[in-house]
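The values are calculated or read from the model by the stated rules, or taken from the named source; none is laboratory data. In this text the structure is predicted, and so the values were computed from the model without any measurement. Note that we place each Cβ from the backbone using ideal geometry, even for glycine, and neighbour counts take in every protein chain shown. Side chains included, ligands, DNA and RNA excluded: accessible areas come from the protein's heavy atoms. Shrake-Rupley method; radii C 1.70, N 1.55, O 1.52, S 1.80 Å.
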Amino acid sequence: MTCFHKVRDGFWLALLVPPAAAISFLNHHPWAFVVSIGAMMPIIDEVIGPEQGASSQNGKQTGATRVTIPHWFLIGWLGAILMALGVARHASVVELIGLAFGCGILSAMAMAHIHEIMHRGSFVSRTLSEFAFVIVGYPHYRLAHRLHHANVGNPRFGSTAAIGQSVWHHVPRSFMASLKATVEHDAAWTRVLRGYFAVSMLLAIAFRFGSWRSLLFCLGYGLISVFLVEAVGYLQHYGLDGGVAIDSGHAAWDVHFWLSNRLLSNNGLHAHHHHEQTQTYERLSAMGQALPGGYLHMLWFALVPRLWFSTMDRRVRMRLESVDK
């Protein structure tokens with residue numbers, strides 16, 4: 001599959017995901033999208049394999065392309081959410097659950113693109129990202145993520161899990177830890193309250209102009225999205241809770257798999273992102289040690305703690321020993 005490695009501007013592939021989701025929702029087959037992303041994509045990612053050189057620096061990509069891909073993804077994502085919301089009003093229980101899972105997965109993927117926009121620093125980017133975080137159901141994410149960058153490796157600020165901690169234990173602990181840290185930091189509790197008030201208003205609107213199914217759909221996809229976002233943080237920082245030097249490449253685990261990084265705006269080159277958090281996604285390169293698989297591949301491992309521990313704990317210990325030396 002070396003032909004894929006030569007397609008250096010393959011980030012556009014991410015833009016196919018929201019329309020595919022919308023089509024499956026409108027045709028009352030949300031589970032087709034869920035299976036495609038959850039089962040087929042890990043296999044395709046594994047077949048294509050890691051990028052040659054494990055770097056995604058791309059001199060051919062234009063500035064316009066860099067700017068527009070995350071924004072276009074968000075537009076497609078919002079459209080798919082609205083379509084699913086309309087379908088949810090009269091969906092059966094099985095279809096409603098499928099819509100919640102499908103939009104939860106899509107929203108978690110959108111978070112990678114929202115994250116990219118958030119780090120661009122302009123007022124418009126911050127405003128757009130905060131609005132998107134409300135739609136996702138994680139309104140304090142931007143504030144929490146800023147603290148995470150300033151305190152990487154400290155579980156008190158979320159994202160980082162100690163070795164031996166399962167993803168099922170990590171996700172609620174990390175979410176609450178990041179919320180508590182955000183509220184306590186510089187009187188940010190007023191901004192957190194405004195965010196959650198906005199979420200409650202959206203839920204009320206969904207119920208008022210939709211039905212109880214619409215409300216359950218919004219609650220369901222929000223919970224699934226937040227779980228997946230926190231689970232990705234678990235993959236990125238598992239076992240690296242002892243305090244690390246950001247410029248050493250030991251702040252996070254990388255993902256070098258080509259398709260994972262193309263669909264998620266190079267979110268897998270996470271160590272370099274922590275080293276230079278304002279660097280745009282297409283200029284990130286491999287800096288840290290890599291997980292043995294792509295994001296979706298490793299997420300399945302994480303959902304089965306024994307499988308995850310048997311895969312990762314030895315790698316964590318070896319990595320920490322190399323740092324000590």
Report, by residue number, each residue of segment 1-35 that is within 19 Å of residue 266 (Cα to Cα), open to solvent by 60 Å² or more (accessible area, probe 1.4 Å) and at pLDDT 95 or above.
16
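Going by the conditions given, is residue 286 in contact with a helix residue (DSSP H, G or I) (Cβ under 6 Å, 6 or more places away or on another chain) and open to solvent by 10 Å² or more (accessible area, probe 1.4 Å)?
yes
Report, by residue number, each residue of segment 287-303 that is of a type in the set (A, V, I, L, M), in a loop (DSSP other than H, G, I, E, B) and within 13 Å of residue 267 (Cβ to Cβ).
Of everything in segment 287-303, just one residue is of a type in the set (A, V, I, L, M), in a loop (DSSP other than H, G, I, E, B) and within 13 Å of residue 267 (Cβ to Cβ), namely 291.
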Selection status of residue 278, under 19 Å from the mean Cα position of the chain (by Cα) and of a type in the set (S, T, N, Q)
yes
Among the aromatic types (Phe, Trp, Tyr), surrounded by fewer than 22 Cβ atoms within 10 Å (Cβ to Cβ), out of contact with any Phe, Trp or Tyr (no Cβ under 6 Å at 6 or more places or on another chain) and modelled with pLDDT of 90 or more: is that true of residue 123 in this structure?
no
Candidates 307, 320, filtered to the one that is open to solvent by 30 Å² or more (accessible area, probe 1.4 Å), over 14 Å from residue 250 (Cβ atoms) and assigned to a helix (DSSP H, G or I)
307
Report every pair of residues separated by at least 6 positions or lying on different chains whose Cβ atoms are under 8 Å apart, first residue within segment 72-91 and farther than 25 Å from residue 11 by Cβ and open to solvent by less than 60 Å² (accessible area, probe 1.4 Å), second acidic (Asp, Glu) and part of a helix (DSSP H, G or I).
87/95
Those residues of segment 289-304 which are in contact (Cβ under 8 Å) with a residue 40 or more places away in the chain and either surrounded by fewer than 23 Cβ atoms within 10 Å (Cβ to Cβ) or among the small types (Gly, Ala, Ser) (or both) amount to 289, 290, 293, 294, 297, 299, 300, 302, 303
